[in-house]
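Participant: Quick one: the structure is below, and I'll ask about it shortly.
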Amino acid sequence: MTSIAVIAGSTREGSYNRALARLAAARLEAHGAAVTMVDLDAFDLPIYSDHLEKTAFPADALALKELLAAQDGLLIVSPEYNGSVPALLKNAIDWASRPTGDEGLVALTAFRGKAAAIMSASISPFGGLRGLMHLRQILTTIQMLVIPEQVLVPLAHAGFEEDGSLKEALPASLVDMTAARLVKVAGVLAA
């Protein structure tokens, strides 16, 4: 069974991106994936620094890296902060990308050669598009294959029903399409 980690780049209570991550996780499971929800708030990750990496690699950074390394793929649902990704998410990616043990400098064991998908919900009319452009670039740099499909939920404050489902058919169908493609591509790459 294909394993997919789902990360919401927001830890805010009532976050639209966390709601979208839950919807996407359900669609991934419907398409046959084993889903691991990753709560970045559960990891004590100091701001990445070379000094910390060399002297006291944080236990939670290693735990996050090991969790991601055990997955076949990754789905990131991220808000847009000032046209880019949140510092919390970027910092988590930075720590998980670092070599540990006997790994070479560019081992990228949590990411290299795996499939990724990206989504965003935003109160703006652009739905987080600028942030996803940066996220796609980051994930490509760490050697992930980011599928072309992506999901944007613009005007997210009015985009969800009370039960957490999406009001509009288009983004809902894109969540399902993206989940199906991610499961397929991640499974092929892991084989």
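The values are calculated or read from the model by the stated rules, or taken from the named source; none is laboratory data. Note that the coordinates shown come from a computational prediction; the quantities given were computed from them, not determined experimentally. A quick note on method: Cβ atoms are made from the backbone with ideal geometry, for glycine too, and the neighbour counts reach across all protein chains shown.
Participant: State which residue is nearest to the chain's Cα centre (by Cα) when the search covers only region 144-160 and only residues that are more than 15 Å from Leu75 (Cα to Cα) and either of a type outside the set (Gly, Ala, Ser) or surrounded by fewer than 17 Cβ atoms within 10 Å (Cβ to Cβ) (or both).
Facilitator: So, considering only residues that are more than 15 Å from Leu75 (Cα to Cα) and either of a type outside the set (Gly, Ala, Ser) or surrounded by fewer than 17 Cβ atoms within 10 Å (Cβ to Cβ) (or both), the one nearest to the chain's Cα centre (by Cα) is Val153.
Participant: Considering only residues that are polar (S, T, N, Q), in contact (Cβ under 8 Å) with a residue 24 or more places away in the chain and outside any strand (DSSP E or B), which ones fall in region 35-84?
Facilitator: Matches in region 35-84: Gln71, Ser78.
Participant: Among the residues that make up region 145-164, is at least one of them touching a Ser or Thr at 6+ places or on another chain (Cβ under 6 Å) and of a type outside the set (A, V, I, L, M)?
Facilitator: yes
Participant: Follow-up question, since we're still on this one. Only residues that are within 14 Å of Leu20 (Cα to Cα) and not in a strand (DSSP E or B): list them for region 111-155, please.
Facilitator: Once the filter is applied, which keeps residues that are within 14 Å of Leu20 (Cα to Cα) and not in a strand (DSSP E or B), region 111-155 yields Ser122, Ile123, Gly127, Gly128, Pro154, Leu155.
Participant: Here's something else I'd like to know. For region 166-191, name all the residues that are modelled with pLDDT of 95 or more and part of a loop (DSSP other than H, G, I, E, B).
Facilitator: If the condition is that a residue be modelled with pLDDT of 95 or more and part of a loop (DSSP other than H, G, I, E, B), then Lys167 is the only one that fits.
Participant: Let me ask something else about it. Suppose the filter is surrounded by fewer than 17 Cβ atoms within 10 Å (Cβ to Cβ) and among the small types (Gly, Ala, Ser); does Gly73 pass it?
Facilitator: The answer is no for Gly73.
Participant: Right, another one. Here are some conditions: (1) over 30 Å from Pro125 (Cβ atoms); (2) under 13 Å from the mean Cα position of the chain (by Cα); (3) charged (D, E, K, R). Arg22 meets all but one. Which one does it not meet?
Facilitator: (1) is the only condition that Arg22 fails.
Participant: If you don't mind, another one. Taking region 38-62 on its own, how many of its residues are of a type outside the set (Val, Ile, Thr), within 18 Å of Ala8 (Cβ to Cβ) and surrounded by 14 or more Cβ atoms within 10 Å (Cβ to Cβ)?
Facilitator: 4
Participant: Let me ask something else. Kindly list the number of the only condition in (1) part of a loop (DSSP other than H, G, I, E, B); (2) over 17 Å from Arg136 (Cα atoms); (3) touching a helix residue (DSSP H, G or I) at 6+ places or on another chain (Cβ under 9 Å) that fails for Ala25.
Facilitator: The number of the failed condition is (1).
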